[in-house]
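Coordinate-derived values only; no laboratory data. All figures in this text were calculated on a predicted structure; none of them were measured in a lab. All Cβ positions, even for glycine, are placed from backbone atoms using ideal geometry, and neighbour counts span all protein chains on display.
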Amino acid sequence: MTCDERRDDMLLYVADALDRGERQSLDAHLASGCPRCAGHLVEASSVLGHLPLALAPVEPPPRLRERLVQRVAADRKRSSVTMFPARGSWLIGWGRPAVTAALAAGLLYALVVLPLRERQRALDAELTAQQRTIDELRGELVAARSAIDMLASRDLKLALLASGGPQAEAWGRLLRDERSRVWQLYTFDLQPLGPDRTYELWFITDDDRKIPAGTFDVDAAGRGRHQVTVPRDLEGIVVAAVTDEPAGGSPQPTGQIQLVARL
Amino acid sequence: MISVMILDWIPLTPSTPVPPGWLLALARGDSSGGRPDPIETDDGELMRRIRDRDGTALAALYDRHAAAVFAVCLRMLDRSDAEEVVGDVFWHVWERPERYEVSRGSVQTYLTLLGRSRAADRLRSSGRRRKILDDAGHDAVRETLHDGARHGDPFDRTAGKELRRHVTLALSQLDAGQRQAIELSFYGAMSHSEIAEALGQPLGTVKTRIRQGLIHLRDSLDAFYGAGERA
């Protein structure tokens, strides 16, 4: 069976509608690390994920939201609970044995429980950080695979973006796969912007429309990557440009032109 | 020459009309951290804040997506069970926000599939008759189409609504047998053989119908987004 044939089977795989033998066969193939079928798996999940869109949304009762909010608030409170009870008059009534027991308990908290909790917090933070790293690496892997696929395309076109503003050293490359209509922008030596600004890609058509094509940020080294899929009915793009815009992007360009290329 | 031409961008020109599918295609096509679609951007930001233990972000995520998750659960379970599953879904997001992976699709897809999966677990463990079998006369797809035609604002062509309409239309183009088999599989969490038995049809027919129906939906989504990019 070829990977193209597996593409259809993947729909049944994610719908949990394959026979055991067929499922095991696909499992084994996926475990071999086939990148195409990994992509087919993501695609199939996405197709299934669209099915609920055909259902009219139904608002749940308000009490459900209230319950969730209360549960979250209680959870947050629990995680920051005070370790020692407030001092009170009960100590006097119970006398010395009670005081001793309370002190021992306090000592136990201070020497055993507190360090353990501290350690747990540190481990949780470490776990979260590692999960983020994994997420980032996964994203980079997807991007790298996508770039490799594009470079292998027979229909690849390349455009060089030159500085169009004060960042004289900045430049970029725009890879255009005319068949799939996937375009990838790579930028270099662009200055990182603050949290209130972002870079935005624009396409200008031969009838002078300025089409926003998404925002992107650059890393500390000034490198950025951005990918868009150009709809087949959008024709006549003659210029690609990058401006800096308020965070979230603008419907029409307002900032300074940083990179520009005629296509 | 190019610079001269572009410098006349400022002052602003009137908004350029943009085809609704285009905005969404840009958003879906962006898997690199760019933020072309405010809806997607906000979801990602909410998930980041949830990871930082911000309860207000979870409430905002709930406000945005609970109705979609509830609709899925109601299609599968009775009302009280559906409510419980919706609560479970969002509590799971609070407890394990790292389980959501950007590369695997949009937040809404993640939440609705999580709801569907939890509801399916309930169905299987309860051993109850599938609710969807009792809703035989209820064609959710046609109902949504009809509802959209009755209440839809023809000028409100936002990307999300355009996609919803596209998916609903794509499903409405399936023949009734294909749609029923897909619904029983997806919302009934039933195996091929269970569906064949429930409908009194050959197993091969059921498999073919599900396969062809899903392929049609996939091809239709390819046409909507542009081949190869979808979230």
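Structure notes:
- Peptide-level mean, for B:209-220, of C-beta atoms on other protein chains within 10 Å: 4
- Dividing the summed -39500 (n - 2.57) terms of all DSSP H runs of n ≥ 4 by the residue count of chain A sets its mean residue ellipticity at 222 nm at -15000 deg cm²/dmol.
- Separation in nanometres of the label points that stand 7 Å from Cα toward Cβ, at B:Leu133 and A:Ser32: 3.9 nm
- Considering only alpha-carbon pairs that sit under 8 angstrom and 6 or more positions apart, the relative contact order computed for the stretch A:204-250 is 48 percent.
- Computed magnitude of the charge dipole of the stretch A:156-262 (debye, nearest 20; Cβ of K, R +1, Cβ of D, E -1): 360 debye
- Here the label points at A:Arg173 and A:Arg223, each 7 Å from Cα along the C-beta direction, are separated by 1.2 nm in the simple model.
- When the Cα gyration tensor is reduced to axis lengths a ≥ b ≥ c, the ratio a/c is 1.5 or higher for the stretch A:3-48, and with a/b not above b/c it is classed as oblate.
- Normalised contact order of chain A, rounded percent, pairs of Cα under 8 Å and 6 or more residues apart: 12 percent
- Taking 16 Å as the cut-off, the amide N atoms of the stretch A:178-222 that come nearer than this to a point 7 Å along the Cα-to-beta-carbon line of A:Arg262 belong to A:204-208.
- Normalising the average separation of contacting C-alpha pairs (under 8 angstrom, six or more residues apart) by the number of residues puts the relative contact order of the stretch A:3-48 at 59 percent.
- Förster-model FRET efficiency, 22 Å R0, A:Asp16 and B:Lys161, C-beta, rounded to 0.05: 0.15
- The dipole here belongs to chain A: it is taken about the Cα centre, uses +1 on the Cβ of Lys and Arg and -1 on the Cβ of Asp and Glu, and is about 1440 debye.
- Calculated FRET value between B:Leu169 and A:Arg197, using beta carbons and R₀ = 41 Å, to 0.05: 0.55
- The simple Förster model, with R0 at 51 Å and r as the Cβ-Cβ distance, assigns A:Asp8 and B:Asp52 a FRET efficiency of 0.80.
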